[in-house]
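Have a look at the structure below before the remarks.
The values are calculated or read from the model by the stated rules, or taken from the named source; none is laboratory data. Please read all numbers here as calculations on a predicted model, not as lab measurements. Just so you know, the surface numbers come from the protein's heavy atoms only, side chains and all, with ligands and any DNA or RNA stripped out. Shrake-Rupley method; radii C 1.70, N 1.55, O 1.52, S 1.80 Å.
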Amino acid sequence: RSYHHYEALWRLPNKSSPCASVGVRGAQLFLAHRDGRLCVYDTVSRELTHEIIAHSRLLSTMALHPTQPYVATAAHDTTLAVWRIDNANASCELSAKWPTGLLTGVTFVDETATVAVSAYDASELRVYSP
């Protein structure tokens with residue numbers, strides 16, 4: 001069995017919290033941290049462009065909209081958020097709270113900011129729209 005060798009091309013400074021989820025869209029690198037922060041880096045300049053205190057606890061999952069400037073985050077604090085992030089601004093478009101349970105999955109379901117979210121030990125899937 002052969003393994004490919006990969007070389008680290010870019011290292012980001014750790015600001016005290018490990019990363020729970022990673023995504024790339026265009027020239028933006030999105031990091032969902034375990035301390036609730038959502039950080040966005042420019043992949044060309046490698047500069048931090050946005051740092052959002054997105055949740056009060058561990059970010060457990062993140063989804064990037066494939067065509068729109070939306071990012072969905074879900075956390076162990078039972079909250080879901082949809083963020084609109086462009087080059088200059090970041091704003092929360094949707095904030096929702098699941099009654100009980102740790103949120104474990106989130107995805108966009110159409111061309112808008114509508115998202116589906118799941119929770120640990122829940123037998124239902126909920127859909128939210130701003």
Who wins for biggest fluctuation among Pro69, Pro99, Pro18 in a Gaussian network model of the chain, springs between alpha carbons below 10 Å?
Pro99
Which of Ala72, Ala113, Ala88 moves most in a GNM of the chain, Cα contacts under 10 Å?
Ala88
Using the heavy atoms of the protein chains alone and a 1.4 angstrom probe, what is the accessible area of the chain per residue in square angstrom?
59 Å²
With an 8 Å Cα cut-off and a minimum separation of 6 or more residues, compute the relative contact order for the chain in percent.
14 percent
Show Asp110, Asp121, Asp77, Asp42 ordered by accessible area, largest first, where the area counts protein heavy atoms only and the probe is 1.4 Å.
Asp121, Asp110, Asp42, Asp77
List Phe108, Phe30, ordered by accessible area with a 1.4 Å probe, largest first:
Phe108, Phe30
Gaussian network model of the chain, Cα within-10 Å springs - most flexible of Arg25, Arg57, Arg11
Arg11
When the accessible area of the chain is split by element with a 1.4 Å probe, what percent falls to carbon and sulfur?
50 percent
Computed over the Cα atoms of region 30-126, the Rg and Dmax in Å are 13.1, 44
